Amino acid sequence: MTARMMHLNLFVFGCGHHRGAWRHPNSSVERLGDIRYYEQLAQTAERGKLDAVFFADGHAVGNVADGSAWFLEPLTVLTAISRPRNVLG
């Protein structure tokens with residue numbers, strides 16, 4: 001019998017999956033425009049042995065309150081977080 005494997009991914013979606021999530025005291029909404037935030041998320045996923053990072057397809061800067069805030073376009077973020085870690089020092 002062939003062993004079955006489960007693949008787990010980190011799904012990053014702007015301010016979260018709830019329109020009011022940005023208002024939570026522990027929200028990271030102020031870090032959405034900081035590439036280091038996404039690098040930290042990717043490194044956490046890597047330490048957890050997740051297989052991939054997936055970004056919801058959103059590329060427009062919007063209103064945080066309506067859930068459409070994306071300060072960095074997904075391909076740019078994926079390119080930046082995949083570079084060697086020693087590039088930033």
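The values are calculated or read from the model by the stated rules, or taken from the named source; none is laboratory data. Quick caveat: nothing in here was measured; it's all calculated off a predicted structure. As a convention, Cβ positions derive from the backbone with ideal geometry for all residues, glycine included, and neighbour counts pool all protein chains shown. Just the protein is used for accessible areas: all its heavy atoms, side chains included, with ligands, DNA and RNA removed. Shrake-Rupley method; radii C 1.70, N 1.55, O 1.52, S 1.80 Å.
Quick notes
- For H24 and M1, a Förster radius of 30 Å and the Cβ-Cβ distance give a FRET efficiency of 0.10, rounded to the nearest 0.05.
- Listed residues E39, E30 arranged by accessible area, highest first, probe 1.4 Å: E30, E39
- FRET efficiency estimate (nearest 0.05) - Cβ-Cβ, L75 to K49, R0 25 angstrom: 0.55
- Phi angles of segment 20-26 translate, via the Karplus equation with coefficients 6.51, -1.76, 1.60 and θ = phi - 60°, into HN-Hα couplings of x, 4, 4, 7, 5, x, 9 Hz per residue; Gly and Pro are given as x.
- Probe 1.4 Å - accessible area at V12, Å² to nearest ten: 10 Å²
- Top positive-direction residue, dipole computed over segment 13-53 with Cβ charges, set W22, T44, G33: W22
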